[in-house]
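What follows is calculated from the coordinates using simple rules that are stated; it is not laboratory data. Just so you know, these numbers come straight off a predicted model, no measurement behind them.
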Amino acid sequence: FKVPPVLAAAYAELRRLIVSGEFPPGSFLSERQLAQQLVMSKTPVHVALERLEAEGFVTISAQQGIVVRGMSVEDIVDHYELREAIECWVVRKIAGKLGAEQQRQLQENLKAQKAALKQNDLRRLMLLDEQMHFMLGTFMKNREITTTMERLRDKIHQVILRVTDSDRSRPAESIIEHEAIIAAVTAGEGDKAAALMVSHLEAGKRRILNPERFSR
């Protein structure tokens, strides 16, 4: 079943506005105003909002209307538990099995992360962070894992945004951790790569759940 272009466009743009923070958590949305903003009828906007509700990005109720959802403590814990289960297994399985082109892509990503940090381009750095995690997942060549990582991609963006807001020193630490994970994967040290990935994800989770401990 092919989704009509106007429905796909409405969904993609509304999801982008939410994930980017342009529609922050707690924002009230109006189908009529959104239709005007996107220059389309209310029908594709309505369908897109229903899909976004199913994915946990908005809440639609007769009492409150349409509200952009924030990530609750339970959402964050669930998110990290799922990522640990998938990503730790992935790095353990692909360790020592990457081809030269895959290794080059990872190194180029790391190089770009360092350049973005140096330029204080946090938006680009967040995108590169997401890309690196997604790249590792795709190297498994498992369609179910790739599909799950794609589904998580925007949630990962929201989480990284929250981590960065909680602790501005975190991006530099994260790059060091990325470098260690990739080194272990490249060297074929699967158990070490998995342990490093757990530590990396747990560090991000702690900074969201206990931001006052890491404020400077």
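Normalised by the residues of segment 1-124, what does the relative contact order come to in percent, with Cα pairs under 8 Å and at least six apart?
21
Sort all Cα-Cα distances of segment 1-85 into consecutive 10 angstrom bins from zero, then give the percent of pairs in each bin up to the one containing the longest distance.
17, 47, 26, 9, 0
Return the sequence-ordered ³J(HN,Hα) values of segment 97-112 in whole Hz as given by the Karplus equation 6.51 cos²θ - 1.76 cosθ + 1.60 applied to θ = phi - 60°, using x for Gly and Pro.
For segment 97-112, the Karplus-derived couplings read 10, 7, x, 4, 5, 5, 5, 4, 4, 5, 5, 5, 5, 4, 4, 5 Hz, x marking Gly and Pro.
Could you work out the Kirkwood radius for the chain, taking every pair of different alpha carbons, averaging 1/r and inverting it, reported in Å?
This gives a value of 18.6 Å.
Tell me, what ³J(HN,Hα) does each residue in segment 122-128 have, in order and in whole Hz, if you take phi through Karplus 6.51 cos²θ - 1.76 cosθ + 1.60 with θ = phi - 60° and put x for Gly and Pro?
5, 5, 5, 4, 5, 5, 5
Once the mean 1/r over all distinct Cα pairs of segment 103-195 is inverted, what Kirkwood radius in angstroms do you read off?
Computed over Cα pairs of segment 103-195, the Kirkwood hydrodynamic radius comes out at 13.8 Å.
For residue 114 and residue 85 in the same chain, what is the full-extension length gain: residue separation times 0.36 nm, less their Cα-Cα distance, in nm?
7.7 nm is the gain from fully extending residue 114 to residue 85.
I need to check one value: relative contact order of the chain, counting alpha carbon pairs closer than 8 Å and at least 6 residues apart, in percent. Spell out each step's value before the answer.
Details: 219 pairs, mean separation 48.0, N = 216.
Normalised by residue count, the contact order of the chain is 22 percent.
Quick one: of 97/118; 93/192; 155/205, which pairs are farther than 23 Å apart, Cα to Cα?
Those over the limit are 97/118.
What percentages, rounded to whole numbers, describe P(r) for segment 137-190 computed over all alpha carbon pairs with 10 Å bin width beginning at zero?
21, 34, 39, 5
Could you give each residue of segment 26-31 its phi-based ³J(HN,Hα) in whole Hz, using Karplus coefficients 6.51, -1.76, 1.60 with θ = phi - 60°, and x for Gly or Pro?
Once θ is set to phi - 60°, the couplings for segment 26-31 become x, 5, 9, 10, 10, 4 Hz.
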